[in-house]
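Okay, structure first, notes after.
The values are calculated or read from the model by the stated rules, or taken from the named source; none is laboratory data. From a predicted model like this one, the values you see are computed outputs, not experimental measurements. All Cβ positions, even for glycine, are placed from backbone atoms using ideal geometry, and neighbour counts span all protein chains on display.
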Amino acid sequence: MRATLPILILALLFVPALAQKGKDKPAPENAKVSQLKQQIALELGAFADWCLKNRFGATAKAVADEACKLDAANKKASDVAAKAGGEDSQEADDVKAFEKKRESAGNKVGPLYCELFLQGPAKARAEFDPYIEAAFRWDADNSDKWVEANYKKTFGEKNYAMVMAMLAAALPHQKDDSKLAKGYPERAKVLRECEARLAVDSPLLRKARNHTMQYFLSLPNGWSADKKWPVLVAVEGAGCNFRGMNGGYGGKGNTSYIVVTPCSFSNTNSLEGQEGKYPYAREVLEEWNGKRMDFDEPGLLAALDDVRADFNGEEKFYITGFSGGGNITWHFIFTHPEKLAAAAPASANFSGLRAEASQSQAKETLPIKVLQGEDDEYRKPDSISPLDRQWEFAKSMLEQHGYKNWTYELVPKTGHSPCNKQVLEFFNGLREKNAPAPKGDKPKPSGK
């Protein structure tokens, strides 16, 4: 019998740098980097050639392509890539021989990938971090030992981005029965500390533990784990500049909010051909293209669960959505008002997508401020996305379903904008208003 081996192939595929991180220019290669890439490509080419000759055409193609990405001049890999394809054998004897050969190849390739990972300079982590992930896919056990032997030293050198990449790559491969298991809690602690240090300086890309959703995270300057912190969800529009949206509220000037920006789907019109804008595999976009809010809602909630557990975020969250990001924002306003501290749609779309009317009493008091740039070209009735008309639709639903604490503001001399300044003024004003009085202070008597 001949059939595909999807699990084995997936284990071999080389995952490229995440789309949102991979826009940096490739680092100039030194002799050591070039040598390591050639060595890895040589081993991969030999294994791919074996696969082709032993009825594993699909795997041969995947491995040869991986080799060619590392060394385009590798003739054997190029020849195999041109000839390979089709299906892999699943006959028992063939699979047994394949697994033995793959283990042998992995024992050679894994350590080389670990060494290549170490060569990356700080400014090129997006290019080099996937190499440690590749090491684990080829030889998980020995790569885990390598991480254990190296991460503390690297942490002591304050190379937090490299440590984070090591530990994040190791996490899915950790086994409870491993001899290294007693050290896993310490790894988790160090990973959180690296994330906390990095997320104060610039947006950090994370993946929700219990969902495919990835999101950018910024922590406030001065963050510490000994207090609760307000969470601000900032949803990007159709431009899908998720990092930029997050950075608009995060950064060193932010002393108040944990900022979360989901790499969401309902903010754009279609996911077809949009792979370059997202940190997901093409298969994820294809799976959710017709049901984008079904991905976004549970994905965002899963991300927020992690933020509360890892960084002490408050239970209720503030949300703003720019342009297409208004779809998620309005969705939570109408569907989950009880989860929100306040909402500020900004130049926001409202499609009515999945906007079921909540029965929660929280909707009556939920603070909502709708912000709209006065000079926004998309306000026009004949624009591709007439925002004034969409606002009238949202307004009718607010009135129909008993939302009482909302306002609408046209922002002068402003076009199609996320209105960051006005959003923060609104949220900050609410926090100041609701802040508890300092201990010892007594309410002033009314009247006289």
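Got at least one residue in the range 7-30 being modelled with pLDDT under 95 and either over 30 Å from the mean Cα position of the chain (by Cα) or outside the structural domain of Cys114 (by TED's automatic domain parsing) (or both)? Checked the range 7-30: at least one residue is modelled with pLDDT under 95 and either over 30 Å from the mean Cα position of the chain (by Cα) or outside the structural domain of Cys114 (by TED's automatic domain parsing) (or both).
Of the residues Ser417, Ser347, the single one that is at positive phi and touching a strand residue (DSSP E or B) at 6+ places or on another chain (Cβ under 6 Å) is Ser347.
When the criteria are applied in full, Ala225 fails the requirement of being of a type in the set (Gly, Ala, Ser) and in a strand (DSSP E or B). Filtering the range 361-380 to residues that are within 17 Å of Lys339 (Cα to Cα) and surrounded by 13 or more Cβ atoms within 10 Å (Cβ to Cβ) leaves Ala362, Lys363, Leu366, Pro367, Ile368, Lys369. Across the range 276-317, the qualifying residues are those that are small (Gly, Ala, Ser) and in a helix (DSSP H, G or I), and the one among them that is farthest from Gln214 (Cα to Cα) is Ala309. Collect the residues in the range 123-132 that are buried (at least 22 other Cβ atoms within 10 Å of the Cβ) and charged (D, E, K, R), keeping them in residue-number order. Result: Asp129, single match.
For (1) assigned by TED's automatic domain parsing to the domain that holds Gly244; (2) assigned to a helix (DSSP H, G or I); (3) within 27 Å of Lys291 (Cα to Cα), each residue gets a yes or a no:
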residue: Ser351; (1), (2), (3): yes, no, yes
residue: Leu371; (1), (2), (3): yes, no, no
residue: Asp375; (1), (2), (3): yes, no, no
residue: Arg389; (1), (2), (3): yes, yes, yes
residue: Glu399; (1), (2), (3): yes, yes, no
residue: Gly402; (1), (2), (3): yes, no, no
residue: Glu409; (1), (2), (3): yes, no, no
residue: Lys421; (1), (2), (3): yes, yes, no
residue: Phe426; (1), (2), (3): yes, yes, no
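So Ser417 passes all but one of these: (1) under 20 Å from Val259 (Cβ atoms); (2) in contact with a helix residue (DSSP H, G or I) (Cβ under 8 Å, 6 or more places away or on another chain). Which condition number does it fail? Ser417 satisfies all of (1) under 20 Å from Val259 (Cβ atoms); (2) in contact with a helix residue (DSSP H, G or I) (Cβ under 8 Å, 6 or more places away or on another chain) except (2). Could we say that Lys96 is under 17 Å from Ala134 (Cβ atoms) and among the basic types (Lys, Arg) here? For Lys96, the condition - under 17 Å from Ala134 (Cβ atoms) and among the basic types (Lys, Arg) - is not met. Screening the candidates Lys433, Lys439, Lys404, Lys413 for the property of being at pLDDT 95 or above and more than 25 Å from Ser351 (Cα to Cα) yields one hit, Lys413. Taking the conditions (1) surrounded by fewer than 20 Cβ atoms within 10 Å (Cβ to Cβ); (2) of a type in the set (A, V, I, L, M); (3) touching an Asp or Glu at 6+ places or on another chain (Cβ under 6 Å) in turn, Val95 satisfies each one other than (3).
Considering the conditions (1) at negative phi; (2) touching a Leu at 6+ places or on another chain (Cβ under 8 Å), Gly325 is excluded by exactly one of them, (2). Do we have Ala77 as within 23 Å of Glu127 (Cα to Cα), in the same structural domain as Tyr131 (by TED's automatic domain parsing) and in contact with a Gly (Cβ under 6 Å, 6 or more places away or on another chain) here? Yes, satisfied. If the condition is being touching a strand residue (DSSP E or B) at 6+ places or on another chain (Cβ under 8 Å) and either assigned to a loop (DSSP other than H, G, I, E, B) or under 25 Å from Thr414 (Cβ atoms) (or both), then the range 353-369 contributes Leu366, Pro367, Ile368, Lys369. Scanning the range 257-275 for residues that are farther than 24 Å from Pro230 by Cα, assigned to a loop (DSSP other than H, G, I, E, B) and in contact with a helix residue (DSSP H, G or I) (Cβ under 7 Å, 6 or more places away or on another chain) yields Phe265, Ser266, Thr268, Leu271, Gln274. Residue check: is Ser383 touching a Pro at 6+ places or on another chain (Cβ under 6 Å), small (Gly, Ala, Ser) and surrounded by fewer than 16 Cβ atoms within 10 Å (Cβ to Cβ)? It is false that Ser383 is touching a Pro at 6+ places or on another chain (Cβ under 6 Å), small (Gly, Ala, Ser) and surrounded by fewer than 16 Cβ atoms within 10 Å (Cβ to Cβ). Taking Asp49, is it modelled with pLDDT under 95, over 18 Å from Phe136 (Cα atoms) and among the acidic types (Asp, Glu)? It is false that Asp49 is modelled with pLDDT under 95, over 18 Å from Phe136 (Cα atoms) and among the acidic types (Asp, Glu).
All conditions in (1) within 28 Å of the chain's Cα centre (by Cα); (2) modelled with pLDDT under 95; (3) within 18 Å of Tyr113 (Cα to Cα) hold for Leu70, with the sole exception of (2).
When the criteria are applied in full, Leu167 fails the requirement of being modelled with pLDDT under 95 and out of contact with any Asp or Glu (no Cβ under 8 Å at 6 or more places or on another chain).
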